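The values are calculated or read from the model by the stated rules, or taken from the named source; none is laboratory data. Because the structure is a prediction, the values reported are computed rather than measured. Glycine gets a Cβ as well: all are built from the backbone with ideal geometry, and neighbour counts include every protein chain shown. The accessibility values were calculated without ligands, DNA or RNA, using every heavy atom of the protein model including side chains. Shrake-Rupley method; radii C 1.70, N 1.55, O 1.52, S 1.80 Å.
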Amino acid sequence: MSRKKIGVIGGGFVGSTAAQRIAEKELGDVVLVDILEGMPQGKALDIFEAGPVYGYDSMVTGTNDYAALEGAHCVVITAGMPRKPGMDRSDLLKVNGEIMRKVVSSIMEVAPEAFLIVVSNPLDVMCYVAHEVSGLPRNKVMGMAGVLDTARYRSFIGEALNVSVKDVQAMVLGGHGDSMVPLASTASVSGIPITQLLSKEKIDELVTRTRHGGAEIVNLLKTGSAYYAPSASAVTMVESIVRDQRRILPTCTRLDGEYGIENTWVGVPVILGANGVEKVIELELEESDRKALHASALAVKEGQEEVAGMLALS
Ligand code: APR
């Protein structure tokens, strides 16, 4: 079986770290694309040269030319601009929406069958743009946010209980941002509900910290945002597809009536396998969580409508 080609768009912090992780896991040969000349080439060569040390055979190439993505199986999209001083949310939506449109149409010219895993922010709305521009079926376009938000939640639960994070299971629903919905009712440690292990006050504290997990890191870094956990999360999704693992992972997908939500891109648990989003899992939610999910979806829908107007999408 020939090795799969996996594209990574954007060779910045998230993109280059994702490329490294894909190579280390030997998920396929990596093509790293950026608009900056020499940067993706240099980083890719550096990752390739670590192969003999770590013992991986993945080919890693860097380029400014989308033609190198020909026939790619999966493409992780991290291209985008960070918010600059003076830019409001709408400005960022427009700038990153334009970048997403360009990137996705370039990918589609050479890899029309690719699975797209969107990482660029604002995540949920960028998934909408990627889907509209690509014309791909919904199972082929998805966003990475929930795996990261859930990883943060699981880390904080494990830390609070002083137990292995490996035994902590949890789910975070909704849009990526302050409106996300970390579920307390389904979180557990080795099958024990966290509601039996932690007080309500402590759980509320962990939920709040999870909601602001991205900002906590931005505040510490001063410039730039998180990339180790985001890249690990995106690569986990790639692995589940490439290796047909059928993991149930919180994934940004378009809801078509599930959870009573229509035509909106939000995070929910899905089975990720060889066909991408194989199935959306509908959970029975407590009333407060259901309301919070609907509020989160409404905020995303407004963003979708705003960007559709800006980019003249259908
Ligand atoms: N095509 C390819 N690459 C592009 C394009 C484009 N049209 N436009 C910008 N880029 C590249 C930039 O040159 C830069 O190298 O995208 C890269 C973004 O990298 P960083 O600025 O380092 O940002 P990073 O921290 O990697 O975050 C990327 O992921 O988590 C999200 O919010 C984050 O939207 C952001 C994205």
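Remarks
- Residue match in the stretch 5-15 (condition: in contact with a His (Cβ under 8 Å, 6 or more places away or on another chain) and either of a type in the set (D, E, K, R) or buried (at least 16 other Cβ atoms within 10 Å of the Cβ) (or both)): yes
- Some residue of the stretch 64-77 being within 10 Å of the ligand (Cβ to nearest atom), open to solvent by 70 Å² or more (accessible area, probe 1.4 Å) and farther than 26 Å from Asn275 by Cα: no
- Qualifying positions in the stretch 93-110 - closer than 18 Å to Glu306 by Cα and either away from the ligand (no atom under 11 Å from the Cβ) or touching a residue at least 24 places away in the same chain (Cβ under 8 Å) (or both): Leu93, Lys94, Asn96, Gly97, Glu98, Met100, Arg101
- Checking each residue of the stretch 150-168 against the condition of being touching a Phe, Trp or Tyr at 6+ places or on another chain (Cβ under 9 Å) and not assigned by TED's automatic domain parsing to the domain that holds Ala68 gives at least one match.
- Residue in the stretch 46-55 that is more than 18 Å from the chain's Cα centre (by Cα), within 16 Å of the ligand (Cβ to nearest atom), over 29 Å from Ala308 (Cα atoms) and not hydrophobic (A, V, I, L, M, F, W, C) present: yes
- Residue in the stretch 120-136 that is more than 14 Å from the ligand (Cβ to nearest atom) and open to solvent by 50 Å² or more (accessible area, probe 1.4 Å) present: yes
- Residue count, the stretch 1-34 (criterion: within 16 Å of the ligand (Cβ to nearest atom) and among the hydroxyl-bearing types (Ser, Thr, Tyr)): 2
- Out of Leu32, Leu36, Leu93, sole residue that is in a helix (DSSP H, G or I), of a type outside the set (Val, Ile, Thr) and assigned by TED's automatic domain parsing to the domain that holds Met126: Leu93
- The residue list Glu159, Glu132 contains one member that is within 20 Å of Ile9 (Cβ to Cβ), of a type in the set (Asp, Glu) and not in a strand (DSSP E or B), which is Glu132.
- Taking the numbered list (1) loosely packed, with under 14 Cβ neighbours inside 10 Å; (2) in contact with a strand residue (DSSP E or B) (Cβ under 7 Å, 6 or more places away or on another chain); (3) under 22 Å from Val300 (Cα atoms) in turn, Leu183 passes all entries but (1).
- Boolean, Met81 is within 11 Å of the ligand (Cβ to nearest atom) and open to solvent by 40 Å² or more (accessible area, probe 1.4 Å): yes
- Output for the stretch 44-61, where each listed residue is closer than 28 Å to Asn139 by Cα and surrounded by 22 or more Cβ atoms within 10 Å (Cβ to Cβ): Val60
- Test: Asp149 is open to solvent by less than 20 Å² (accessible area, probe 1.4 Å), within 16 Å of the ligand (Cβ to nearest atom), in contact (Cβ under 8 Å) with a residue 40 or more places away in the chain and over 20 Å from Met100 (Cα atoms): yes
- Comparison of Ala18, Ala23, Ala67 shows that the only residue that is farther than 28 Å from Lys222 by Cβ, part of a helix (DSSP H, G or I) and touching a Ser or Thr at 6+ places or on another chain (Cβ under 7 Å) is Ala23.
- Helices (runs of 4 or more DSSP H) lying entirely in the stretch 199-303 (those with 2 or more residues that are more than 16 Å from the ligand (Cβ to nearest atom) and either hydroxyl-bearing (Ser, Thr, Tyr) or surrounded by 19 or more Cβ atoms within 10 Å (Cβ to Cβ) (or both)): 200-211, 228-242
- Summed over the stretch 100-136, the residues that are more than 17 Å from the chain's Cα centre (by Cα) and not charged (D, E, K, R) give a count of 11.
- Test result for Glu113, under 22 Å from Gly143 (Cβ atoms), within 11 Å of the ligand (Cβ to nearest atom) and open to solvent by 20 Å² or more (accessible area, probe 1.4 Å): no
- Taking first residues from the stretch 111-140 that are of a type in the set (Asp, Glu) and partners that are part of a loop (DSSP other than H, G, I, E, B) and modelled with pLDDT under 95, the Cβ contacts under 9 Å between residues at least 6 apart in sequence or on separate chains come to Asp124/Gly175; Asp124/His176; Asp124/Gly177; Glu132/Leu313; Glu132/Ser314.
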